[in-house]
Every structure is written in structure tokens, then in C-alpha cells.
Amino acid sequence: MIAPTPDDEAAIDATKAPLMDHLIELRKRLVYSLLALFGAFVVCYVFAKPIYGFLTEPLAHALAGQPGRHLIYTALYETFFTYVKVGLFGGICLAFPIIAAQIWMFIAPGLYKHERNAFLPFLLATPVLFITGAAFVFYVMLPFAIKFFLSFETPGGNGALAIQLDAKVSEYLDFVMTLIFAFGLCFQLPVLLALLGRVGIISSAQLRSMRRYAILGIVVLAAVITPPDPFSMMSLALPLVLLYEISIWCVRLIERDRAQKDAAAAKSGGT
């Protein structure tokens, strides 16, 4: 671990304040975050219909060439609350950079300079990896999952009733949002493991030794949170295995950088 310099100690001492001042600062950051979320929610609710239309594109593409196919709602208020959820979902995504900035401005004064420099890349990587996971599920996994579920439709005839999908607007949105959040959070694996490696809780050697158990856990997780078809499961499991390997590499780089800094500090202290 890197020991704080006298300048770091002086900078931390300069930020010390009574508990009430910290509570006032926390309230200010919370107010700014809530205002940002409310503003983003209003904007996204105004455009809820085109946003929802965009989210239904994989289903519309799968049903192309079948006239008369449509989404339904069975409760008088269902579509309204669906658009509210779309606005909230889009608002959280849109306001996340502002909310993350408010969190950073609250905790950064209490960190040493080298801690801020170490933590900031992880803060920046989080939305990038979430967007990557969301895009992956929307453009790669979701179309195949929809085709899988549509394969259970059966034509009628000979005294048998037809089985045809009439998806509800709220249930389709819940399905898509669940997958997007699940993939987006799972893609945070390198950030989580790299942070654990940064604070010394795990090492690259430990990650390598646990590789087989990690792969087994990834497969089980993918089977639980994805639709029950092999492609959906593998579409999550394979990227997570790759991200696990990237995490080992990231932790190894962190360890190498730490060793170099410790060696430089020991050399300077010896002289």
C-alpha cells in the first residue's frame, strides 16, 4: 500500500469539518441528484412512446411479415404506468453521470490524492461496461430469445386451438428491463474484482486458482437469470468468462504497479 505523503495529510486535514457540515453537504448532493433524476425522468417520459417503440424493435423484427400482430394491455391504467416505468428507466440511465458526479464530489475530499487517482478509472469504467452489457443483450441475445419463445406458437386446425403470442406492454417491458439490468450488472465483474485487488482482498494468483469454480458459478448464474434456451445462457456465460480472464489481467497489472511503487519507495527511503 502507498503511504500518504505530508502534502496528502495536509490536504485531508484541510477538508475536515464538523459532522453537521458533512450532513449538509450530503443533503446538497442528494438534492442535486434527485433534481437531476426528476429532470431526466420528465424528459424521458415526454419521449416514452418512441423509447418504448425502440425497445420493441426486436419483437417487431421477429414478427415482421405477420400482419395483425400487436401488443396488448388488459388494465385501463397499464399503458400509462408502463410509460412511467419507461421514463424512470430512461431517467436513471440519463441522470447516472450527474448522480455519479455528485457521489464523487462528496467522497473525493476524504480521499488521498493517490486514492482518488486509483478510484476514478473504476468510476469511469462502470457506465461503459453497463452500456456494453445492455447493448449486447439488446442487439445479440434478445432477438434469439424472442425467436426461441415464438417457436412455441402452434397453428390451429383439426379441432385444436391455435396458440399465439399476444404480449402485454407491461410484461414485455419488464422482460427487457430485467435482461438489460442483469447483463449490465454482470458486466461490472472486472470493476468489482479489480477493486478487490486494489485494496488487497484478492490476488491474481487466487483468481487463477479459483478459475474452475468461477466458471461453474458463471454458468449457474447465466442459467438462472437468462431465458431457458442454450443460446441465451451461453450468450451471458461466455462474455462473463472472458471478463473474468480480463479481471485476472487487470489485478495482475495492479499488483505489478504496486510492486514497482513499493520498490521505488523502499529505494528512496534507503537513500
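The values are calculated or read from the model by the stated rules, or taken from the named source; none is laboratory data. Quantities reported herein were computed from a predicted structural model and do not represent experimental measurements. With ideal geometry, Cβ positions are generated from the backbone for all residues, glycine too; neighbour counts draw on all protein chains shown.
Every residue, every condition in (1) of a type in the set (K, R); (2) assigned to a helix (DSSP H, G or I); (3) out of contact with any Pro (no Cβ under 7 Å at 6 or more places or on another chain); (4) under 28 Å from M177 (Cα atoms), yes or no:
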residue: I98; (1), (2), (3), (4): no, yes, yes, yes
residue: M105; (1), (2), (3), (4): no, yes, yes, no
residue: A108; (1), (2), (3), (4): no, yes, yes, no
residue: G133; (1), (2), (3), (4): no, yes, yes, yes
residue: F136; (1), (2), (3), (4): no, yes, no, yes
residue: V140; (1), (2), (3), (4): no, yes, yes, yes
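Note on region 60-79: among residues that are small (G, A, S) and either at pLDDT 90 or above or surrounded by 10 or more Cβ atoms within 10 Å (Cβ to Cβ) (or both), the one that is nearest to F148 (Cα to Cα) is A62. Selection over region 92-131 of residues that are of a type in the set (F, W, Y) and farther than 20 Å from F187 by Cβ gives a count of 3. Selection of region 231-253 for residues being modelled with pLDDT under 90, among the polar types (S, T, N, Q) and within 14 Å of F187 (Cα to Cα) yields only S235.
Got at least one residue in region 244-264 being in contact with a Leu (Cβ under 6 Å, 6 or more places away or on another chain) and more than 14 Å from A205 (Cβ to Cβ)? No - not one qualifying residue is present in region 244-264. Enumerate the pairs (first residue in region 192-206 and small (G, A, S) and surrounded by 16 or more Cβ atoms within 10 Å (Cβ to Cβ); second residue anywhere and outside any helix (DSSP H, G or I) and modelled with pLDDT of 80 or more) with beta-carbon separation below 8 Å, excluding pairs fewer than 6 apart on the same chain, so at least 6 apart or on different chains. Final answer for the pair search is G197/S203.
Quick check on region 81-95: of everything there that is in contact (Cβ under 8 Å) with a residue 40 or more places away in the chain and aliphatic (A, V, I, L, M), which residue is nearest to L142 (Cα to Cα)? Per the stated criteria, the residue is V86. Within region 147-191, if we keep just the residues that are among the β-branched types (V, I, T) and surrounded by fewer than 18 Cβ atoms within 10 Å (Cβ to Cβ), the residue that is nearest to I254 (Cα to Cα) turns out to be T178.
Test V128 against the criterion of being surrounded by fewer than 17 Cβ atoms within 10 Å (Cβ to Cβ) and touching a residue at least 24 places away in the same chain (Cβ under 8 Å), and give yes or no. Criteria not met by V128.
Screening F41 against (1) surrounded by 11 or more Cβ atoms within 10 Å (Cβ to Cβ); (2) under 30 Å from I146 (Cα atoms); (3) of a type outside the set (A, V, I, L, M); (4) modelled with pLDDT under 95 leaves a single unmet condition, (4).
Checking each residue in region 191-214 for being modelled with pLDDT of 90 or more and under 20 Å from the mean Cα position of the chain (by Cα) picks out only A214.
A quick yes/no check of all residues on (1) surrounded by 15 or more Cβ atoms within 10 Å (Cβ to Cβ); (2) under 30 Å from R27 (Cα atoms); (3) in contact with a helix residue (DSSP H, G or I) (Cβ under 8 Å, 6 or more places away or on another chain); (4) modelled with pLDDT of 90 or more:
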{"residue": "P58", "(1), (2), (3), (4)": "yes, no, yes, yes"}
{"residue": "G87", "(1), (2), (3), (4)": "yes, yes, yes, yes"}
{"residue": "W104", "(1), (2), (3), (4)": "yes, yes, yes, no"}
{"residue": "L124", "(1), (2), (3), (4)": "no, yes, no, no"}
{"residue": "A145", "(1), (2), (3), (4)": "yes, no, yes, no"}
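The residue pairs whose first member lies in region 62-80 and is under 16 Å from Q164 (Cα atoms), whose second member is surrounded by 15 or more Cβ atoms within 10 Å (Cβ to Cβ) and β-branched (V, I, T), and whose beta carbons are closer than 9 Å, counting only pairs six or more residues apart or on different chains, are A62/I146; L63/I146; L71/T56; L71/V169; I72/V169; Y73/T79; Y73/T82; Y73/V169. Evaluate the following for G133: is it modelled with pLDDT of 85 or more and farther than 21 Å from L63 by Cα? Answer is yes for this residue. Inspect all residues belonging to region 81-89 and state whether any of them is in a helix (DSSP H, G or I), in contact with a Cys (Cβ under 8 Å, 6 or more places away or on another chain), of a type outside the set (A, V, I, L, M) and under 26 Å from I51 (Cβ atoms). Yes, some residue in region 81-89 is in a helix (DSSP H, G or I), in contact with a Cys (Cβ under 8 Å, 6 or more places away or on another chain), of a type outside the set (A, V, I, L, M) and under 26 Å from I51 (Cβ atoms).
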